[in-house]
Structure formats: structure tokens, C-alpha cells
Amino acid sequence: MKKERGLLESEKRKRRFLTSKTANFIFTAAVLGIFVMAVPTFAAGADALNAAKSLLGKGAQAGGGLIAVWGLVSLGLSIKDHNGPGIQGAVMQIVGGGMIVAAGTYIGSMDLSIAP
């Protein structure tokens, strides 16, 4: 019985590790994609401060959205497995992703123009 229980716990640890690696990969790919899209903006001679602000806001929105979506996937898996702590962690991940999206929206709406 202990061996079976140990196998199940190690499988759960392995599954959690794989999902966190996948989420990190998706987030990194999204951030790199946003930076690649921003290179022409800097090369065109746009105001660097506003371009950086826009880039930071879009990156935070994209990252927060991915975190929230991944939390929804985790929530569905945890509900399916009747995993109480997993449900709690997934809900907190969804809330955290929403807060990051809100912060990105706030950063994007800030006015950083310098009056002469």
C-alpha cells in the first residue's frame, strides 16, 4: 500500500513540475515575442520612454493573461481530481494573473510626456 501511495505522490510531483516548466516556457516565449515586435519601434526613432512604457504594459498584460489561462487549466484538472489544495492554488493563480493584467493596463494608460 505504501509503495502505491508513494508512486501516486511522485507522479503528482512530476506532473506539477512539468506544468510549471510548461508555463515558464510559454511566458518566456510571449515576452521574447513582444520584445521582437518592439525592435522596429525603437529603430523608427519613437520616444523611447513612451515606447518602453507601452512595451512594459503589453508584456505585463500578455504575461498576466497567460498566467490566468494556465490557472484555469490547473483549476479544471484539480476539480477533476477532487484536489482541494490544487483548487485553492489554481484560484489564487487566476486572481494573480488578473492583478498582473490590471497592472499592465494601468502602466499602459500612464502619461509620461514631458512638457517643455
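Tell me, yes or no, whether the range 32-55 has at least one residue that is surrounded by fewer than 11 Cβ atoms within 10 Å (Cβ to Cβ) and at pLDDT 70 or above.
Yes, because at least one residue in the range 32-55 is surrounded by fewer than 11 Cβ atoms within 10 Å (Cβ to Cβ) and at pLDDT 70 or above.
Are any of the residues in the range 65-73 more than 25 Å from Ala29 (Cβ to Cβ), assigned to a helix (DSSP H, G or I) and of a type outside the set (S, T, N, Q)?
Checked the range 65-73: no residue is more than 25 Å from Ala29 (Cβ to Cβ), assigned to a helix (DSSP H, G or I) and of a type outside the set (S, T, N, Q).
Can you tell me which residue within the range 74-90, out of those that are surrounded by 14 or more Cβ atoms within 10 Å (Cβ to Cβ) and not aliphatic (A, V, I, L, M), is nearest to Ala29 (Cα to Cα)?
It comes out as Ser74.
Has the range 94-114 got any residue that is more than 22 Å from the chain's Cα centre (by Cα), of a type in the set (Val, Ile, Thr) and at pLDDT below 85?
Yes, because at least one residue in the range 94-114 is more than 22 Å from the chain's Cα centre (by Cα), of a type in the set (Val, Ile, Thr) and at pLDDT below 85.
The values are calculated or read from the model by the stated rules, or taken from the named source; none is laboratory data. In this text, all values refer to a predicted model and were calculated from it rather than measured experimentally. Note: ideal-geometry Cβ built from the backbone for every residue, glycine included; neighbour counts use all protein chains shown.
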